[in-house]
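Right, one structure below, let's go through it.
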Amino acid sequence: MDATEYALRKIVHNNPIVREVDEVRQREMWQWVWIGLVLVLVLLVSAWLQFAVLVQHGYDMETLQRARAAEAETARLLHLDIERLSSPKRIEEFATTRLQMVAPGVNAIVLPRIVAPERPPSSVVAAR
């Protein structure tokens, strides 16, 4: 028998080799699995709550935004109305045509405004 024949005919029995389970490694692996599951659960609950808030209040926000835009347009129109009604030219035209007022001429007398005198100090005022 030569060397190549012996290498081909030799049968190696590996049956008695038994792999042992590393319990520390298994326990650590299960700990990481549980930690991962808890994190995934937290993320799912957070996403669900965000979605619930969005669904519940999303339509309300659209309605409020439309109402706000309408109110802003109304405010803009009211400001334009105020500017138009308070223009000096329109006030003069209204006073001369509807109220039959006359524009002041050269001999207009301007009455000075009466200013109230200052109050005397409390030491001058008689007590009751």
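Among the listed residues 78, 49, identify the single one that is out of contact with any strand residue (DSSP E or B) (no Cβ under 8 Å at 6 or more places or on another chain), closer than 30 Å to residue 94 by Cβ and surrounded by 10 or more Cβ atoms within 10 Å (Cβ to Cβ).
78
Any chance you could count how many residues in the stretch 78-97 are among the hydroxyl-bearing types (Ser, Thr, Tyr) and either in a helix (DSSP H, G or I) or touching a residue at least 24 places away in the same chain (Cβ under 8 Å) (or both)?
2
Picking from 88, 104, 112, which residue would you name as being on the phi < 0 side of the Ramachandran plot and either among the polar types (S, T, N, Q) or at pLDDT below 85 (or both)?
Just a single option satisfies the conditions, and that option is 104.
The values are calculated or read from the model by the stated rules, or taken from the named source; none is laboratory data. Keep in mind it's a predicted model, so treat the numbers as computed, not measured. Heads up, the Cβs are rebuilt from the backbone with ideal geometry, glycines too, and the neighbour counts pull from every protein chain shown.
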